[in-house]
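The values are calculated or read from the model by the stated rules, or taken from the named source; none is laboratory data. Bear in mind the structure is a predicted one, so any value in this text is a computation, not a measurement. Ideal geometry is used to build each Cβ from the backbone, glycine not excepted, and the neighbour counts take in all protein chains shown. Areas reflect the complete protein model, heavy atoms only, side chains present, ligands, DNA and RNA absent. Shrake-Rupley method; radii C 1.70, N 1.55, O 1.52, S 1.80 Å.
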Amino acid sequence: MEQTLSPALPATLYPPSEATVQRARISGRAAYDRLVAEAEADPDAYWGRLARELIAWKQPFTQVLDQRRAPFFEWFADGTLNASYNCLDRQVENGLGEKTAIVFEADDGAVTRISYQDLLARVCRTANVLKSLGVGRGDRVVIYMAMSIDGVVAMQACARIGAIHSVVFGGFSAQSLRDRIADTGAVMVLTADQQVRGGKQLPLKAIVDEALVLGGCDSVRHVLVTRRTGGAVPFQAPRDQWMADLAAAQPPTCEPEWVNAEHPLFLLYTSGSTGKPKGVQHATGGYLLHAALTCQWTFDLGPEDVFWCTADIGWVTGHTYIAYGPLAIGATQVVFEGVPTYPDAGRFWKMIQDHKVSVFYTAPTAIRSLIKMAEGNDAVHPRHYDLSSLRILGSVGEPINPAAWEWYHRHVGGGRCPVLDTFWQTETGGHMITPLPGVTPLVPGSCTLPFPGIDAAVVDEAGNELPWGQGGILVVRKPWPSMIRTIWNDPERFKASYYPEEFQGRYYLAGDGAIRDKTTGYFTITGRIDDVLNVSGHRMGTMEIESALVAMTDLVAEAAVVGRPDDTTGEAVCAFVVLKRPLPSGDEARRIADQLRNWVGKEIGPIAKPRDIRFGDNLPKTRSGKIMRRLLRTLAKGEAVTQDVSTLENPAVLEQLGQPY
Ligand code: PRX
């Protein structure tokens, strides 16, 4: 089915197979074009139609898009709904009560299944617990839990009572957790005693305790703890209580809190180009619509599918494609506690085989590392597993290089499953540019075409649309329902980041560069145009890491962080540091580098630890005192310096900074 096109299109195109076209909900290019035309002709009618079809409204909306406060757009604003009702009660009412909602596989392989009706009962008990402790509409609840049914229950329970959850990834440090608790003003933290990953027990509750004494967390009145391992955790009465004890005393029903469509569903912190992570605020109605719609159109999920998204609920992918989207359409999904390499690197393939997964969604980093492992140990190669249940594969979070794409397509998908390279962001709520399985001929390395209704374009710095074939800035022209509403506590930063003055508020600025193929108009994302790095699909700001380094005030005078390409993790963090002491070398430099790494791990989380640390007597700067970051990027890559360095005060520093530790 491989077919090479005209020279104008150098990459290989993979057209959808006949079987996929036959089966897909959106089938054939003409169907896609009709949807795009419908959305273009009358966006309000298009989104309004879908919102009525996919969402159960308590009170129907009378207006679709309200632009009066642009760029603070409002969608379906006078409609009321409840996200948890849409995800759970609706399925039970439609006769899916006994259907499996979640197949949970623990780190040690133990499997637990929960039906829609049992999940609903558990969510209701938990919601009642929250209510009994005075948590209600608009209150913020921070969730610091690992991958578990309880994690999903916690999110759904917040949604049920109109509380706004903010999930903090379980790999973030006490300091990062504190910053998020303080910024949200959370009244409650939901956590577990410990988490288990790769056979190891790791702390959760202990980190919450640490975070809460760092200051600024006075708003927290309760910490509720789920039991995972039974490991000893210190309890502080009356603040801390076991969730199970409280839930057992609660009834299994709870009337949903009907909220306006614009009521915030959650805050999720993500990195920007300044030091402080931003609390991306999503609204209930528009977000849920796109979560459900993309599950239906991109993943083509139907009643017989078993969906598995390997993301963590601490990231947006785990929100949209675990906690909300699949449930909103009544699908069965796998939730996995562990890591892809434990007990060996065949874990993903074994789980796909055991649970007969039909639609699988993961990150390029995972694929790249599993390729390496399979090359090193044939026993964990996917060919040894029965993956015939698969019909659609997805990729998310970072660019997928063509070699990894081809391997994924061939060895995991057996050459018959489309690989959907889905481009989107925490801020966009769901897929923005993505192939649709029954529509789009695929090109490895391209996320292809916008989702119907998403008006993506590539523009120059003045905001003029560029011809296909010319790289520029990725923007979205029209608002869409699942877009970020604001940055919590910082509406000005929202405007400056996403609707900057250069574009007179006309476009949403994604922060990525893109180029469209000359012939097909397919989009390829060329990477961030700001100071945001993407390491293993984890997004982090260079300034965040720099701030952490210079916070080591007795040791570090100055620090600059850049990314460099890495075969497995996509990018690697590279830190250039000036110490408040003579330039170290050899063992001493290695010791200090480790000390700095551990410090960053403690300040932000292990994912932010710099791979390379380089020391210099100073950093290369322009005459006006700006750090020459481009030059640093060249050094980080280990390439020869071709930039003009005549303004450097101390050219010898280039040699010093060339040595990584
Ligand atoms: O740079 C893009 C990259 O990840 C960024 C968004 O990161 P985050 O908000 O953490 O959300 C990740 C999961 C949706 C984007 O600005 N990115 C995401 N998907 C892709 C991608 N880059 C290239 N191709 C993709 N498919």
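Check which residues have an amide H placed less than 5 Å from LEU579's amide H, if you skip close sequence neighbours.
Placed amide hydrogens put ALA557, GLY616 under 5 Å from LEU579.
Return one whole number: the accessible area per residue of the range 8-158 in Å², for a 1.4 Å probe. Intermediate results must be reported in sequence, preceding the final value.
Values: 6240 Å² over 151 residues.
Value for the range 8-158: 41 Å² per residue.
Give, rounded to the nearest 20 debye, the magnitude of the charge dipole that the range 136-218 has about its Cα centre when Lys and Arg contribute +1 at Cβ and Asp and Glu contribute -1 at Cβ.
Roughly 240 debye for the range 136-218.
For the chain, calculate the relative contact order in percent as a whole number, restricting contacts to Cα pairs under 8 Å that are 6 or more residues apart.
So the answer I get is 13 percent.
Report the Cys residues of the chain lacking a disulfide-compatible partner, meaning no second Cys Cβ under 4.7 Å from their Cβ.
Unpaired cysteines in the chain: CYS87, CYS158, CYS217, CYS295, CYS309, CYS417, CYS447, CYS574.
Tell me, which longest segment in the chain has none of the GluC sites (Glu not before Pro) that fall in DSSP loops with at most 13 further Cβ atoms within 10 Å?
Longest run free of exposed loop sites: 99-303.
Based on alpha-carbon positions alone, could you give the equivalent ellipsoid semi-axes of the range 123-178 from the gyration tensor, as √(5λ), descending, whole Å?
Working through the eigenvalues yields semi-axes of 20, 13, 8 Å.
Hey, if we sort ARG597, ARG633, ARG383, ARG485 by accessible area with the 1.4 Å probe, largest down, what's the order?
Final ranking, largest accessible area leading: ARG383, ARG633, ARG597, ARG485.
Name the residue from THR362, ILE313, TRP405 whose Cα lies farthest towards the positive end of the charge dipole of the range 265-407, charges +1 on Cβ of Lys and Arg and -1 on Cβ of Asp and Glu.
Towards the positive end, the residue furthest out is ILE313.
Quick check: net charge around ILE473, other residues with Cβ under 13 Å of its Cβ, Lys/Arg +1 and Asp/Glu -1? Can you show the working numbers first?
Numbers: positive: ARG477, ARG506, ARG516, ARG528; negative: ASP460, GLU461, GLU465, GLU502, ASP512, ASP530.
Computed value for this residue: -2.
Antiparallel as a % of all DSSP beta bridges within the chain, to the nearest 5?
Antiparallel: roughly 60 percent of the beta bridges in the chain.
Quick one: divide the alpha-carbon radius of gyration of the range 490-529 by 2.2 N^0.38 Å and tell me what you get.
On the way: Rg = 12.9 Å, N = 40, 2.2 N^0.38 = 8.9 Å.
Ratio of Rg to 2.2 N^0.38 Å for the range 490-529: 1.44.
Hey, can you find the accessible area per residue of the range 373-454 for me, probe 1.4 Å, expressed in square angstrom?
28
Would you grab the residues whose amide H sits under 5 Å from the one on SER115? Only those 5+ places off in sequence or on another chain, please, with H modelled 1.01 Å from N.
ALA101
Kindly rank 321-329, 246-254, 533-541 from highest to lowest mean number of other beta carbons found within 10 Å of each residue.
Output ranking for 321-329, 246-254, 533-541: 321-329, 533-541, 246-254.
State, as an integer percentage, the relative contact order of the range 556-660 based on alpha-carbon contacts under 8 Å between residues 6 or more apart.
28 percent.
Within the range 267-288, what residues put their amide N at less than 16 Å from the label point 7 Å along the Cα-to-Cβ vector of ASP66?
283-287
Counting only protein heavy atoms, what percent of the accessible surface of the range 366-507 is carbon or sulfur at a 1.4 Å probe?
Using a 1.4 Å probe with all protein chains present, the range 366-507 comes out at 52 percent carbon and sulfur.
Counting only Cα atoms, I'd like the Rg/Rh figure for the range 384-530, Kirkwood definition for Rh.
Radius of gyration relative to Kirkwood radius: 1.02.
Over the alpha-carbon set of the range 456-534, work out the extent along each principal axis and list the three values in angstrom, largest first.
Sorted from largest, the Cα extents of the range 456-534 read 44, 27, 24 Å.
Take the Cβ-Cβ distance between LYS637 and ALA19 as r, set R0 to 45 Å, and report the resulting FRET efficiency rounded to the nearest 0.05.
Rounded to the nearest 0.05, the efficiency is 0.55.
What translational D, rounded to a whole number of µm²/s, comes out for the chain from Stokes-Einstein when the hydrodynamic radius is the Kirkwood one over Cα pairs, at 37 °C and 0.692 mPa s?
128
Once label points are set 7 Å from the Cα along Cα→Cβ at both LEU466 and THR622, what is their separation, rounded to one decimal in nm?
A separation of 2.0 nm, rounded to one decimal place.
Using 0.36 nm per residue, how much length does the chain from ILE529 to ARG29 gain when fully extended, once their Cα-Cα distance is taken away?
Once the chain is fully extended between ILE529 and ARG29, it gains 176.8 nm.
With each run of n ≥ 4 DSSP H residues scored as -39500 (n - 2.57), what mean residue ellipticity at 222 nm is computed for the chain after dividing by its residue count and rounding to the nearest 500 deg cm²/dmol?
Estimated from H runs of four or more residues: -8000 deg cm²/dmol.
If you take the square roots of the eigenvalues of the alpha-carbon gyration tensor of the range 139-227 and sort them as a ≥ b ≥ c, do you get rounded (a/c under 1.5), prolate (a/b over b/c) or oblate?
It comes out oblate by the Cα gyration axes.
Output the relative contact order of the range 233-353, whole-number percent, from Cα pairs under 8 angstrom with separation of 6+ residues.
Averaging sequence separation for qualifying contacts and normalising by length gives 17 percent for the range 233-353.
Can you find, among LEU119, VAL103, LEU13, the residue sitting farthest towards the positive end of the charge dipole of the range 1-139, where Lys and Arg contribute +1 and Asp and Glu -1 at Cβ?
Among LEU119, VAL103, LEU13, the one farthest towards the positive end of the dipole of the range 1-139 is LEU119.
If one computes P(r) from the Cα atoms of the range 409-461, what percent of pairs lie at distances over 19 Å? Each step should come with its number before you reach the end.
Values: 467 of 1378 pairs.
Tail of the P(r) past 19 Å holds 34 percent of the pairs.
Normalise the Cα radius of gyration of the range 13-98 by 2.2 N^0.38 Å (N = residues in it) and let me know the number.
Dividing the Cα Rg of the range 13-98 by 2.2 N^0.38 Å gives 1.43.
Rank LYS99, LYS495, LYS626 by accessible area, highest first, at a 1.4 Å probe radius?
Numbers: LYS99 40, LYS495 75, LYS626 140 Å².
Ranked list, largest accessible area first: LYS626, LYS495, LYS99.
Hey, how many Å between the Cα centroid of the range 285-322 and the Cα centroid of the range 527-541?
23
If the cut-off is a Cα-Cα distance under 17 Å, which aspartates and glutamates reach LYS626, setting aside same-chain residues fewer than 8 apart in sequence?
Of all the aspartates and glutamates, those that pass the test against LYS626 - Cα under 17 Å, at least 8 places apart if same chain - are ASP530, ASP531, GLU546, GLU558, ASP617, ASP644, GLU649.
Which values of log₁₀ I(q)/I(0), to two decimal places, follow from the Debye formula for the range 261-412 at q = 0.16, 0.21 Å⁻¹ with a uniform point scatterer at every Cα?
-0.93, -1.35
Evaluate the distance, in nm, between pseudo-label points positioned 7 Å from the Cα of GLU588 and of ALA237 along their respective Cα→Cβ axes.
5.5
Taking the Cα atoms of the range 377-437 alone, what are Rg (to one decimal) and Dmax (as a whole number) in Å?
13.2, 40
For the modelled label position 7 Å from the Cα of ASP386 along Cα-to-Cβ, which residues of the range 323-358 have backbone nitrogen atoms closer than 19 Å?
346-358
Take the Cα coordinates of the range 517-598, assign each an equal point scatterer, and use the Debye formula without solvent to give log10 I(q)/I(0) at q = 0.13 Å⁻¹.
-0.52
Once you sort the root eigenvalues of the Cα gyration tensor of the range 275-363 as a ≥ b ≥ c, which label holds: rounded (a/c under 1.5), prolate (a/b larger than b/c) or oblate (the other case)?
oblate
State the Cα centre-to-centre distance between the range 598-661 and the range 212-251 in whole Å.
44
What is the magnitude of the charge dipole of the range 472-530 about its Cα centre, with +1 placed on the Cβ of each Lys and Arg, -1 on the Cβ of each Asp and Glu, and no other charges, expressed in debye to the nearest 20?
The dipole magnitude comes to about 260 debye.
Going toward the positive end of the dipole of the chain, with +1 on Lys and Arg Cβ and -1 on Asp and Glu Cβ, which of PHE576, ALA159, LEU246 do you reach last?
LEU246
How large, in percent, is the carbon and sulfur part of the accessible surface of the range 520-627 at a probe radius of 1.4 Å?
Of the solvent-accessible surface of the range 520-627, carbon and sulfur hold 49 percent.
For TRP258 and ASP344 in the same chain, what is the full-extension length gain: residue separation times 0.36 nm, less their Cα-Cα distance, in nm?
The TRP258-ASP344 span can extend by a further 26.4 nm.
Any lysines with Cα under 18 Å of the LYS602 Cα? List them, leaving off those in the same chain fewer than 8 positions away.
LYS205, LYS276
Under 21 Å Cα to Cα from LYS372, which lysines show up? Leave out anything in the same chain fewer than 8 places away.
LYS350
Using just the alpha carbons, could you tell me how many Å³ per residue the convex hull of the range 223-320 encloses? Present the calculation step by step, with values, prior to reporting the outcome.
Working: hull volume 22.0 nm³, N = 98.
So the per-residue hull volume is 224 Å³.
Treat every Asp and Glu Cβ in the chain as -1 and every Lys and Arg Cβ as +1, leave all other atoms uncharged, and give the resulting dipole magnitude about the Cα centre to the nearest 20 debye.
380
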